[in-house]
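Asker: Encoded as structure tokens, here's the structure I'll be asking about.
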């Protein structure tokens, strides 16, 4: 997915943006970049791959090579950013978060009318360049950004560093991703994650609404385009993507996850499906708070039967090769044998997508001597690949373990009954869960329901994006 951080100050802004951007490292593992504005010199930029080294390591030399009163930084899972652009608006740097599904169509349209576009390796097109080309169709940045967001099929929160040192930032048109403005005595910052503002010394000042565009100088914030009422913020931010200390739309991630686990356990108690186990555990890291809530509500002991070794291993989804990702994930899992051998365990994970990594974890638990393993997913069955943020690497919806299982049970006819398969109380729903249990070699499986997830978040469902679970946009 990706994240960004920017700052415009009366003094040098590098340190704030260096650490602020680094606090978004959990949102991307491919590329990162910084761009600066220095009075009298203009825009400077530095980009590095972060596939095998953390942001701080790759950008440590920025303190020797970059300076300025305005900086923007980004981390992403896609193409290099920020780009520097020279246009009728002057020279500026631009980065964005999201995904452009119709990038080929937009590029073809531009090429037909204007000639050519810069191509990256293997003919790929940089999404930020497409956004810049769309912005150039209009007479102001605000009009251009609005035009770009309307043309884009997907999601685009955009940040621009101008050659006067001002920063323009726009939240995507339906607010699927958060954008927060922070303020201190020296100026303003822009952040995806709220805690990043606080940690580098800013107070929360303003949260952008859907489609809202603002311009920041060190002295003031100016609204260039007012917010829209419609909002569809991504529910998966709370379930998985968001950092535990962050708050979106007034709801803290860690608090929501604990509450979500509590609600799961309460429903199981009500339905009589609460298993007898020796302990409840979370699949680390994001499954842990869901598991704590589940343990608290079920009055079953919480434990950590295995620990992830993170000091030297890269994150498990960093390698491009799936087999290597699985190997790294397994190498990071260090068992506490006394808590596994001959024990009946219930694990709560943030989600079950393709089932590949969770299968590796379950095999690891049995190899370590577990008697029985029960699984719970803290979100509903994922039935549709995300087309707004691309959180899943799946190339087809049928890569999803739920879809693959439905195909085995009923063929494509089953896709006409997705709602029934999602519901644990229907015959189809029970059959899907039973079949997945057989695939994963687990005793029982249950998923959180959409209604209970929405209840845990505490925001009206009409303001939440639940597409990956129910296919509703």
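Coordinate-derived values only; no laboratory data. What you see is a predicted model; the values in this text were computed from it and never measured. Glycine also receives a Cβ, built like all others from the backbone with ideal geometry; neighbour counts cover every protein chain displayed.
Asker: Suppose each label sits 7 Å from its Cα in the direction of the beta carbon; what would the residue 266-residue 163 distance come out to in nanometres?
Answerer: Spacing of the two 7 Å Cα→Cβ label points: 5.8 nm.
Asker: Next up: Ranking request for peptides 337-347, 72-82: highest mean number of other beta-carbon atoms within 10 Å first, then the rest in descending order. Walk me through the intermediate numbers first.
Answerer: Values: 337-347: 17.8, 72-82: 24.8.
Packing order, densest peptide first, comes out as 72-82, 337-347.
Asker: In Å and on Cα atoms, what radius of gyration and Dmax does region 260-300 show?
Answerer: 9.5, 28
Asker: Same structure again: When you count, for each residue, the other Cβ atoms within 10 Å and take the mean per peptide, how do 231-238, 106-113 rank with the highest first? Mind dumping the intermediate values first?
Answerer: Values: 231-238: 24.9, 106-113: 14.1.
Put in order of decreasing packing, that is 231-238, 106-113.
Asker: Explain nothing, just the number: relative contact order of the chain, from Cα pairs under 8 Å at least 6 residues apart, as a whole percent.
Answerer: Relative contact order of the chain: 12 percent.
Asker: With a bin width of 20 angstrom, please list the P(r) values of the chain as percents of all Cα-Cα pairs, from the 0 bin to the one holding the largest distance.
Answerer: In order of increasing distance, the bins hold 24, 53, 22, 1 percent.
Asker: For the ranges 252-263, 187-198, what's the packing order if you count other beta-carbon atoms within 10 Å of each residue, average per peptide, and put the highest first? Show your work: numbers first, answer last.
Answerer: Working: 252-263: 22.8, 187-198: 25.2.
Ranked from most to least packed, the peptides come out as 187-198, 252-263.
Asker: What's the percent breakdown of Cα-Cα distances in region 103-230 across 5 Å bins, shortest bin first?
Answerer: Taking all Cα pairs of region 103-230, the binned fractions are 2, 10, 19, 20, 17, 13, 9, 5, 2, 0 percent.
Asker: Here is a further query. Quick check: pseudo-label points 7 Å beyond the Cα along Cα→Cβ at residue 439 and residue 105, how many nm apart are they?
Answerer: Rounded to a tenth, the inter-label distance reads 3.1 nm.
Asker: Return the FRET efficiency for the residue pair residue 121, residue 366: r is the Cβ-Cβ distance, R0 is 41 Å, and the value is rounded to the nearest 0.05.
Answerer: Details: r = 42 Å, r/R0 = 1.03.
Computed FRET efficiency for residue 121 and residue 366 comes out at 0.45.
Asker: Still on this structure, I have one more. What whole number of Å gives the distance from the Cα centroid of region 145-224 to the Cα centroid of region 406-459?
Answerer: 39
Asker: Give the calculated FRET efficiency between residue 139 and residue 276 to the nearest 0.05, with a Förster radius of 56 Å applied to their Cβ-Cβ distance.
Answerer: On the way: r = 68 Å, r/R0 = 1.22.
E(calc), rounded to 0.05, equals 0.25.
Asker: Sort out for me the Cα centre separation of region 38-52 from region 344-375, rounded to whole Å.
Answerer: 43
Asker: Further question: Considering only DSSP beta bridges whose two residues both sit in the chain, what percent are antiparallel, to the nearest 5? Before the final figure, lay out each step's value.
Answerer: On the way: 67 of 84 bridges.
Counting only bridges with both partners in the chain, antiparallel ones make up about 80 percent.
Asker: Sticking with this one: Multiply the residue separation of residue 57 and residue 113 by 0.36 nm, subtract the distance between their alpha-carbon atoms, and state the gained length in nm to one decimal.
Answerer: Details: separation 56, 0.36 × 56 = 20.16 nm, distance 4.26 nm.
Fully extending the segment from residue 57 to residue 113 adds 15.9 nm.
Asker: Now a separate question. Could you tell me the largest-minus-smallest coordinate of the C-alpha atoms of region 163-286 on each of the three principal axes, in descending order and whole angstroms?
Answerer: Between the extreme Cα coordinates on each principal axis of region 163-286 lie 64, 31, 19 Å.
Asker: Relative contact order of region 151-194: what whole-number percent is it, with Cα pairs under 8 angstrom and at least 6 residues apart? Walk me through the numbers on the way to the answer.
Answerer: Values: 51 pairs, mean separation 11.5, N = 44.
About 26 percent, as a whole number.
Asker: Which whole-number value in Å³ per residue fits the convex hull of the alpha carbons of region 343-449? If you can, show how the numbers build up before the last one.
Answerer: Working: hull volume 10.6 nm³, N = 107.
So the per-residue hull volume is 99 Å³.
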